[in-house]
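Here the structure is laid out as structure tokens; the discussion comes afterwards.
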Amino acid sequence: MPDLNSGVIGIPEDEWCEFGEPTTAGYTRMEGEFELATVIQATDTHRDLEGEYIATSGKAAREEAIEVDKTRVDGENNEIGTVSARRKEAHQTNWICVPNRYVVAERSVGEFVFYLIAEQGTARITRAEVDLISLRDAYPDASEWALGPEGFVRGTLYGNSDVLNDTLGDSASNQLGLEGNFEGYITKMMVTRSGYVAAWDLDTEKFAKFVNEVILPHTEVPEEEDEEEREEDQSGLDSFGGEPADD
């Protein structure tokens, strides 16, 4: 599996068990006329240089029955219209799980993996919320390269720290890009208030430790929030370096 160094963070509530050594689980469900499959695979176990277990990673896929509009042309009556039909669509995601700590799923379309991993244990896994101000204060020597200020949810501002500070001052933000040394991890990273994090030039093992040591201390499980508000927090991430937006 390719290295995973970005995704949405999920935090378990209460006790749970790890997914375990590489294995596969799956099931099917009926939705109307469709038989829909879901499969989760644990493919790799990650350890540090001393051989200590760090995390399990893998991939998962889930079929959905979606409704689509198709164009209908009536030549006899010279009419053009639409007709609704349902079809299968599959979503796939890579994921990494650090037992009793967190799960990361690539992009929000992969959040279904939170439920699949939770079914292996006893906990509910909820998308995290990141305190960006606390994170920024913890690394005063890191330089800002991007910022999504409060009230500016349809894009991200880019520049150096001086430019961003002159423009925004100490205003709260919903996206934050930092570059520097984070507990020994030298990287350029982006994090959003609603739990998406990306760190460039880190392999899976280093990314797992980066999230655990740098990001997790500044996360919490949020109260229920409006779906549209959460999606707005992610806007603008797709405009940097071809990295996927959290959508």
Set I54, I66: member being free of Cβ contacts under 8 Å to residues at least 24 places away in the same chain and either in contact with a helix residue (DSSP H, G or I) (Cβ under 7 Å, 6 or more places away or on another chain) or of a type in the set (A, V, I, L, M) (or both)
I66
Could you grab me the full set of residues in the stretch 53-88 that are open to solvent by 60 Å² or more (accessible area, probe 1.4 Å), more than 19 Å from the chain's Cα centre (by Cα) and closer than 23 Å to T24 by Cα?
Y53, K88
Could you tell me whether D238 is open to solvent by 70 Å² or more (accessible area, probe 1.4 Å) and modelled with pLDDT of 50 or more?
no
Residue pairs within 9 Å by beta carbon, gap of at least six or interchain, first lying in the stretch 132-149 and within 16 Å of V214 (Cβ to Cβ), second at pLDDT 90 or above and among the aromatic types (F, W, Y), listed first then second, are A138/F182; Y139/F182; A142/F182
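Which residues, counting only those in the stretch 89-118, are open to solvent by 50 Å² or more (accessible area, probe 1.4 Å) and either among the basic types (K, R) or closer than 14 Å to I40 by Cβ (or both)?
Going residue by residue through the stretch 89-118, those that are open to solvent by 50 Å² or more (accessible area, probe 1.4 Å) are 89-92, 100-101, 106-107, 109, 115.
Scanning the stretch 89-118 gives A90, H91, Q92, R101, E106, R107, Y115.
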Filtering the stretch 196-207 down to residues that are more than 14 Å from I96 (Cβ to Cβ) and in contact with a Ser or Thr (Cβ under 7 Å, 6 or more places away or on another chain), which residue is least open to solvent (accessible area, probe 1.4 Å)?
W200
Among the residues in the stretch 3-16, are any at pLDDT below 80, surrounded by 14 or more Cβ atoms within 10 Å (Cβ to Cβ) and in a loop (DSSP other than H, G, I, E, B)?
yes
Please go through the stretch 119-162 and pick out each residue that is buried (at least 18 other Cβ atoms within 10 Å of the Cβ), modelled with pLDDT of 80 or more, closer than 20 Å to K188 by Cβ and of a type in the set (G, A, S).
A142, A146
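The values are calculated or read from the model by the stated rules, or taken from the named source; none is laboratory data. These numbers were taken from a predicted model, which means no experiment stands behind them. As a convention, Cβ positions derive from the backbone with ideal geometry for all residues, glycine included, and neighbour counts pool all protein chains shown. Surface areas here come from the heavy atoms of the whole protein model, side chains and all, with no ligands, DNA or RNA. Shrake-Rupley method; radii C 1.70, N 1.55, O 1.52, S 1.80 Å.
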